[in-house]
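Novice: Structure in structure tokens, see below.
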Amino acid sequence: MFTDLEMKRQEAPSVAQRRVFIRTFGCQMNEYDSRRMLESLRPEYTPVSAPEDADLIILNTCSVREKAEVKVYSLAGRLKHLKRRRPDLIIAVCGCVAQQEGQRLVERMPHIDIVLGPQGIYRLREALAKVRAGEGPVVDTDIRDDFCLPSALSPEVKAVKAFVTIMQGCNNYCSYCVVPYVRGPEISRRPGEILAEIRALVSQGVREVTLLGQNVNSYGKRQPGFPTFAQLLERVAQIDGLWRLRFTTSHPKDLSPELMRAFVEIPILCEHLHLPVQSGSDRILAAMNRGYRREDYLKKVERLRELVPEIALTTDIIVGFPGEREEDFQATLDLLKEVEFDEIFSFKYSDRPFARARSFPDKVPEEVKEERLATVHNLQLEISRRRYRRLVGQEVEVLVEGRGKSDPRQWTGRTRQNTVVNFYGGQDLTGKLVKVLVEEACQHSVRGRLVGTLH
């Protein structure tokens with residue numbers, strides 16, 4: 001005979017008791033996709049912070065670089081023991097690795113129940129229903145040219161900043177890149193849906209929004225009647241309560257004069273642009289299929305700085321692309337010295353599935369790639385420190401994001417140029433715009449003290 005307490009323990013968990021753990025790999029678009037998946041699961045699932053506590057585990061994956069893909073396989077493999085202990089646990093692998101591998105993931109790791117590509121994540125609930133009905137595993141990696149990004153539900157963001165995807169996919173087919181193959185062709189969201197989502201975020205206290213896309217500069221080009229990207233920025237900037245606006249990523253070949261002028265004409269558009277150059281060598285740029293020459297890139301940088309002298313520029317660099325000679329690498333170093341980016345994201349080239357460069361000859365030895373990456377890193381460290389030192393003694397506007405991670409007595413936030421600022425002083429500053437006097441330049445940030453509050 002069971003007691004009442006024992007009977008309750010025997011009952012299946014109620015819908016409200018289901019728990020989900022999600023681990024996101026890779027870019028900001030994946031972070032946004034993870035948020036959308038969590039939205040679609042409410043109120044049936046509650047997020048938890050540990051996979052051991054979850055009824056559903058989601059790995060939202062990235063395959064742009066080999067290292068990120070290896071991390072996915074490592075974590076997915078470690079989940080096998082949880083599945084053995086709890087056969088009712090559902091494990092889903094989503095995103096770019098899921099799209100790239102498809103059915104092979106299930107064959108390699110039979111404990112995986114669901115495999116969803118970047119378009120398939122919007123059909124997560126249907127996949128869960130099939131698995132619960134005994135119809136798994138479910139593999140959904142269809143890429144449809146007529147796919148329409150669904151409207152956001154009721155976004156829940158308890159933060160000062162938020163990402164909003166405005167388009168998905170890419171039409172550029174750079175020879176090193178897997179993105180067009182795993183995210184499909186460019187598809188832009190309807191402007192009204194974008195504006196509605198941002199208004200909902202602002203109503204919850206979000207004060208800064210970053211618009212996301214593989215190439216936001218080409219927003220709306222495939223959809224008749226859509227605004228240009230610069231026109232979309234103007235519409236977003238009219239939303240009451242939004243203080244700051246950013247976007248990423250921009251392809252240099254599509255950076256238009258209209259978009260450059262937006263930095264002057266739209267007051268809340270922050271003076272920061274991520275403009276990936278990848279290489280300073282025309283020969284390598286052509287092999288990469290980037291669609292511009294070194295001179296084209298430098299002219300656009302020059303024009304941007306004419307329009308907005310205080311603009312901060314960041315970029316991506318790939319070292320060791322197949323066939324990269326010493327003179328090609330030197331051209332990249334020379335470009336870094338000439339432009340003086342505020343920060344860079346540098347990577348060793350790695351072969352990616354589907355990408356044309358995988359079959360290119362003259363692969364650069366691993367030890368040479370390592371050496372070149374270290375050289376780039378050290379050069380940029382000097383440049384960044386020099387640029388940060390220029391801020392010492394200046395008062396900067398900072399949007400406070402919360403307490404510091406390394407020192408909870410400090411507050412942390414960013415300038416309009418996206419520089420991280422840590423400072424002491426004041427209480428309850430999260431979500432406020434403040435003035436900080438910069439007193440010290442660090443490796444990737446600056447420190448200072450509070451001198452005033454703006455909002």
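The values are calculated or read from the model by the stated rules, or taken from the named source; none is laboratory data. None of the values given here were measured: they were computed from a predicted structure. Because the Cβ atoms are built from the backbone with ideal geometry, glycine has one as well, and the counts that use them run over all protein chains shown. Side chains included, ligands, DNA and RNA excluded: accessible areas come from the protein's heavy atoms. Shrake-Rupley method; radii C 1.70, N 1.55, O 1.52, S 1.80 Å.
Novice: So which of GLN103, GLN99, GLN119 is of a type in the set (S, T, N, Q) and farther than 20 Å from ARG352 by Cα?
Specialist: Just a single option satisfies the conditions, and that option is GLN119.
Novice: Continuing with this model, one more query. Do we have any residue at all in the stretch 417-436 that's without any contact (Cβ under 8 Å) to a residue 12 or more places away in the chain, of a type in the set (S, T, N, Q) and within 23 Å of VAL206 (Cα to Cα)? Steps first, please.
Specialist: Kept after step one, since they are without any contact (Cβ under 8 Å) to a residue 12 or more places away in the chain, are these residues of the stretch 417-436: 427-428.
Imposing the further condition that a residue be of a type in the set (S, T, N, Q) reduces the set to 427.
Pick out the ones that are also within 23 Å of VAL206 (Cα to Cα) and you get 427.
Within the stretch 417-436 (the criterion being without any contact (Cβ under 8 Å) to a residue 12 or more places away in the chain, of a type in the set (S, T, N, Q) and within 23 Å of VAL206 (Cα to Cα)), the answer is yes, since at least one residue qualifies.
Novice: The conditions are (1) in contact (Cβ under 8 Å) with a residue 40 or more places away in the chain; (2) within 20 Å of ARG207 (Cβ to Cβ), and PRO276 fails exactly one of them. Which is it?
Specialist: Result: PRO276 fails condition (2) only.
Novice: Could you list, in sequence order, the residues of the stretch 194-236 that are open to solvent by 10 Å² or more (accessible area, probe 1.4 Å) and under 15 Å from LYS161 (Cα atoms)?
Specialist: Passing the criteria: ARG199, ALA200, VAL202, SER203, GLN204, GLY205, ARG207, THR210.
Novice: Among the numbered criteria (1) modelled with pLDDT of 95 or more; (2) under 30 Å from GLY431 (Cα atoms), which single criterion is violated by VAL115?
Specialist: The single condition VAL115 does not satisfy is (2).
Novice: Which condition number in (1) out of contact with any helix residue (DSSP H, G or I) (no Cβ under 7 Å at 6 or more places or on another chain); (2) open to solvent by 40 Å² or more (accessible area, probe 1.4 Å); (3) closer than 10 Å to VAL20 by Cα is the one that LEU56 fails?
Specialist: (2)
Novice: Just checking, does the stretch 205-216 include any residue being of a type in the set (Asp, Glu) and within 27 Å of LYS158 (Cβ to Cβ)?
Specialist: Applying the first criterion (of a type in the set (Asp, Glu)) to the stretch 205-216 yields 208.
Now restrict to residues that are within 27 Å of LYS158 (Cβ to Cβ): 208.
Yes - at least one qualifying residue is present in the stretch 205-216.
Novice: Quick test for you: out of GLY102, GLY136, pick the one residue that is modelled with pLDDT under 90, under 23 Å from ILE57 (Cβ atoms) and surrounded by fewer than 21 Cβ atoms within 10 Å (Cβ to Cβ).
Specialist: Details: GLY102 fails: modelled with pLDDT under 90.
Selected residue: GLY136, the only one of GLY102, GLY136 that is modelled with pLDDT under 90, under 23 Å from ILE57 (Cβ atoms) and surrounded by fewer than 21 Cβ atoms within 10 Å (Cβ to Cβ).
Novice: Further question: Considering the stretch 417-442 alone, what residues qualify as being in contact with a Lys or Arg (Cβ under 7 Å, 6 or more places away or on another chain) and part of a loop (DSSP other than H, G, I, E, B)?
Specialist: Scanning the stretch 417-442 gives GLY425, GLY431.
Novice: Moving on. Out of the helices (runs of 4 or more DSSP H) lying entirely within the stretch 191-300, which hold 3 or more residues that are of a type in the set (D, E, K, R)? Explain how you work it out, then say what you get.
Specialist: Numbers: elements: 191-203, 229-237, 257-265, 282-288.
Counting at least 3 such residues, we get 191-203, 257-265.
Novice: Quick check: is even one residue across the stretch 144-151 of a type outside the set (Phe, Trp, Tyr), assigned to a helix (DSSP H, G or I), under 17 Å from MET37 (Cβ atoms) and open to solvent by 10 Å² or more (accessible area, probe 1.4 Å)? Show your work before the answer.
Specialist: To start, the set of residues in the stretch 144-151 that are of a type outside the set (Phe, Trp, Tyr) comprises 144-146, 148-151.
Checking which are assigned to a helix (DSSP H, G or I) leaves us with none.
No, there is no match, as no residue in the stretch 144-151 is of a type outside the set (Phe, Trp, Tyr), assigned to a helix (DSSP H, G or I), under 17 Å from MET37 (Cβ atoms) and open to solvent by 10 Å² or more (accessible area, probe 1.4 Å).
Novice: In the stretch 79-99, how many residues are surrounded by fewer than 23 Cβ atoms within 10 Å (Cβ to Cβ) and in a helix (DSSP H, G or I)?
Specialist: 6
Novice: Could you tell me how many of the residues in the stretch 169-190 are touching a Pro at 6+ places or on another chain (Cβ under 8 Å), on the phi < 0 side of the Ramachandran plot and in a loop (DSSP other than H, G, I, E, B)?
Specialist: Taking the stretch 169-190 as the starting set, the residues that turn out to be touching a Pro at 6+ places or on another chain (Cβ under 8 Å) are 169-173, 178, 181-184.
Then drop every residue that is not on the phi < 0 side of the Ramachandran plot, which leaves 170-172, 178, 181-183.
From what is left, the residues that are in a loop (DSSP other than H, G, I, E, B) are 170-172, 178.
Residues flagged as touching a Pro at 6+ places or on another chain (Cβ under 8 Å), on the phi < 0 side of the Ramachandran plot and in a loop (DSSP other than H, G, I, E, B) within the stretch 169-190 amount to 4.
Novice: How many of the residues in the stretch 395-412 are under 11 Å from VAL446 (Cα atoms) and either touching a residue at least 40 places away in the same chain (Cβ under 8 Å) or open to solvent by 30 Å² or more (accessible area, probe 1.4 Å) (or both)?
Specialist: Going through the stretch 395-412, the residues under 11 Å from VAL446 (Cα atoms) turn out to be 396, 412.
Cutting the leftovers down to either touching a residue at least 40 places away in the same chain (Cβ under 8 Å) or open to solvent by 30 Å² or more (accessible area, probe 1.4 Å) (or both) gives us 396.
The total comes to 1.
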